[in-house]
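Student: Quick one: the structure is below, questions incoming.
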Amino acid sequence: LVLTAEALRRLSAAHWVLISVLLGLLLIIAAYHLQLLFAADLLWWYLGAVLLSAALLVGYHVYQRRRPGGRSFHLHHSQLVVAIALLTPFQNLISATVQAVLFGVYVEGVARWGMSSCWQ
């Protein structure tokens with residue numbers, strides 16, 4: 001799968017309908033998990049951890065880019081799904097299904113591309 005401007009222009013109307021339905025489903029599942037995090041009084045802890053982690057990564061990236069010979073940050077999809085899976089700590093069917101899909105994506109990424117560093 002390659003997401004270039006040319007590839008997106010060649011998608012048919014059926015593709016766009018499928019993408020829209022999948023994005024809608026993704027938003028519903030995300031809202032459901034945010035509601036569960038809020039009900040368990042964990043939402044603010046998770047958001048704080050995400051914001052702190054993002055701030056540290058951005059700060060380190062800026063620091064590395066300003067150094068001569070510094071490295072750049074590149075987040076691989078197999079690393080991203082682990083971060084997303086941390087938002088599904090609940091023992092119910094929806095969370096278990098989401099975890100299975102996310103870790104399937106993780107295994108596919110590691111099996112296909114290997115364990116790559118996010119600093120290049």
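Student: Which shape class applies to the chain: rounded if a/c is under 1.5, otherwise prolate when a/b exceeds b/c and oblate if not, where a ≥ b ≥ c are the square roots of the Cα gyration tensor eigenvalues?
Tutor: oblate
Student: Using a 1.4 Å probe on the protein chains only, how many percent of the accessible area of the chain belongs to carbon and sulfur?
Tutor: 73
Student: Going by accessible area, probe 1.4 Å, with all protein chains left in place, what is the ranking of 62, 110, 21, largest first?
Tutor: 21, 62, 110
Student: Compute, for residue 98, the solvent-accessible surface of its heavy atoms (probe 1.4 Å) with the complete set of protein chains present, and express it in square angstrom to the nearest 10.
Tutor: 30
Student: When the solvent-accessible surface of protein heavy atoms is calculated with a 1.4 angstrom probe, in what order do 73, 38, 103, 90 fall, highest first?
Tutor: Sorted by accessible area, descending: 38, 103, 73, 90.
Student: Give the residue from 60, 88, 14 lying farthest towards the positive end of the charge dipole for the chain; charges sit on Cβ (+1 for Lys and Arg, -1 for Asp and Glu) and the dipole is referred to the Cα centre.
Tutor: Ranked along the dipole, the leading option is 60.
Student: Quick one: order 52, 36, 8 from most to least accessible surface, probe 1.4 Å.
Tutor: Result, largest first: 52, 8, 36.
Student: Here is a further query. Step through the residues of region 88-96 one at a time and calculate ³J(HN,Hα) from phi using the Karplus curve (6.51 cos²θ - 1.76 cosθ + 1.60, θ = phi - 60°), rounding each to whole Hz and writing x for Gly and Pro.
Tutor: Here the 3J(HN,Hα) series is 10, x, 9, 9, 8, 5, 5, 5, 5 Hz.
Student: Could you state the accessible area per residue of the chain in Å², with a 1.4 Å probe and every protein chain left in place?
Tutor: Computed with neighbouring chains in place, this is 76 Å² per residue.
Student: Positive end of the charge dipole of the chain (Lys, Arg +1 and Asp, Glu -1 on Cβ, about the Cα centre): tell me which of 116, 100, 44 has its Cα farthest that way.
Tutor: Result: 116, furthest along the dipole toward the positive end.
The values are calculated or read from the model by the stated rules, or taken from the named source; none is laboratory data. A quick note: this is a predicted structure, and the numbers were derived from the prediction, not measured. When we count neighbours, we look across all protein chains shown, and the Cβ atoms used for this are built from the backbone with ideal geometry, even at glycine. The protein model used for the area step is the full one, side chains on, heavy atoms only, and it has no ligands, DNA or RNA in it. Shrake-Rupley method; radii C 1.70, N 1.55, O 1.52, S 1.80 Å.
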